[in-house]
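Read the structure below first, then the notes.
The values are calculated or read from the model by the stated rules, or taken from the named source; none is laboratory data. Just so it is clear, the structure is predicted and the values come from calculations on it, not from any experiment. For neighbour counting, all protein chains shown are included, and Cβ atoms are generated from backbone atoms with ideal geometry for every residue, glycine included. These area figures cover heavy atoms from the full protein model, side chains too; ligands, DNA and RNA do not enter into them. Shrake-Rupley method; radii C 1.70, N 1.55, O 1.52, S 1.80 Å.
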Amino acid sequence: MIWPQHCMTADMTVSTEISGAARPLDRRTRARQAHIWLAFLLGIVSVISLATGPTGTSLWGAIGKIISGEPLTAIEKVVLWDIRMPRLILGIGVGGALAVSGAVMQGLFRNPLADPGLVGVSAGAGLGAILAIVLGAMLPLWIADLVGNAMVPVAAFMGGWLSTIVLYRVSTRRGRTSVATMLLAGIALGALAGALSGILVYMSDDRQLRDLTFWGLGSLAGATWSKVLIAGPLIGLAVIASLFLGRGLNALALGEATASHLGIPVQQLKSAAILIVAAATGAAVAVSGGIGFIGIVVPHLLRLATGPDHETLLLNAALLGATLLLGADIISRLIIAPAELPIGIVTAVLGAPVFLWILLRRRGVVDM
């Protein structure tokens, strides 16, 4: 039977509309299923992280003792509870914070190249932390006692926050963000922060210099419960708050004017995004040092796999970022055991080729 032309056109239109409507639904379902799989993968990697270390302490042996009611030895308590457990929690927090910060910045600037590390935010946070480390000894004793261990995370937060505000102000004009200006401003901010950090390093003594050198390469080796208590709440609140930005960032992708017509408070959204990125990046840099590529690679991988919907992307970014950073930490502990390779080196070696591969796949999409 030969169908009339108008019937065929109508049928094709309806089919196109149905398939077009089903496609986002399938993608969102796939993204929500990824929540479960990524959480499961994070659990597996967390167990491996707890079981990994240069000492002969066995996680499985300790679990067996706990089940049988046998007390743990003093060494087992120290290794598992005071060394590996804080390291695990900080690894989850730092990885999730860096990945979420990258996803939020890319949504805010509407550009896939935005990242706290590439645009100078991490450098600003690092400068704040170095200021606290080097100049903290010059503060009066009553101020040092009042601030205590919170001085470095707070200083890193302020440095990241100021860098983010300056970057946004410089690269945005009349509600539009210039990609070239953003990248150039990020390079300038990073160079300035690096120069000031170099001056502070030159002023530091031998002990501070060793700490700063190892800290700058990134590591979780110095994880303690005090660092968890200081940085953990700030990172946790920032990551949780970012999950409420998904709808606004989706609307912002259509342009600020369109987002405003859709009822999104654009200026409040920008302010919240800047504050979240500064808090998460500042706290992460303060406790782990310079760790790159997590914030730019993780959102890209998730967009390729599950789509660009920020309502699911942000949670998936937190889970995958935590998993990848824990995996890199495991590699850093095993590759030259019993010594440790700085984790920033591992993430750079693994992340740079992946980022180049993503750029090659999407070089027709990423328009400078």
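Sequence-ordered 3J(HN,Hα) estimates for the range 158-164 from the Karplus curve with 6.51, -1.76 and 1.60 and θ = phi - 60° stand at 5, x, x, 5, 5, 5, 5 Hz, glycine and proline given as x. Quarter the surface of the alpha carbon convex hull of the range 294-360 and you get the mean projected area, 4.5 square nanometres.
Computed from the Kirkwood radius of its Cα pairs, the Stokes-Einstein diffusion coefficient for the range 183-338 at 37 °C and 0.692 mPa s stands at 183 µm²/s. Listed values for the range 78-84 are Karplus-derived 3J(HN,Hα) couplings in whole Hz (6.51 cos²θ - 1.76 cosθ + 1.60, θ = phi - 60°), namely 5, 5, 7, 8, 9, 10, 6, and x replaces Gly and Pro.
For the range 297-364 versus the range 70-113, the inter-centroid distance based on Cα atoms is 14 Å.
Identify which of A279, A328, A129 has the largest mean-square fluctuation in a Gaussian network model of the chain, with springs joining Cα atoms closer than 10 Å. Maximum fluctuation in the GNM of the chain, among the listed residues, is at A328. With contacts taken as Cα pairs under 8 Å and at least 6 residues apart, the chain reaches a relative contact order of 29 percent. Applying the criteria of a DSSP loop state and at most 16 other Cβ atoms within 10 Å to the trypsin sites (Lys or Arg not before Pro) of the range 82-130 yields R110. Which lysines have a Cα lying under 19 Å from the Cα of K65, excluding residues fewer than 8 positions away in the same chain? Hits, sequence-local ones excluded: K77.
The Rg/Rh ratio for the range 204-281, using Cα coordinates for both the radius of gyration and the Kirkwood hydrodynamic radius, is 1.21. Among A322, A272, A156, the residue with the largest mean-square fluctuation in a Gaussian network model of the chain, with springs joining Cα atoms closer than 10 Å, is A272.
In a shell of Cβ-Cβ distance under 14 Å around I83, excluding I83 itself, what net charge do Lys and Arg (+1) and Asp and Glu (-1) give? Summing Lys and Arg as +1 and Asp and Glu as -1 gives +1. Taken over the chain, the alpha-carbon convex hull comes to 192 cubic angstrom per residue.
Taking only protein heavy atoms and a 1.4 Å probe, the accessible area of the chain is 70% carbon and sulfur.
Could you report the chain's accessible area per residue, 1.4 Å probe, as an integer in Å²?
That works out to 51 Å² for each residue.
When the chain is treated as a Gaussian network with alpha carbon springs shorter than 10 Å, the biggest mean-square fluctuation among S49, S68, S242 belongs to S68. Axis of helix 225-242 versus longest Cα principal axis of the chain: the two differ by about 10°, to the nearest ten degrees.
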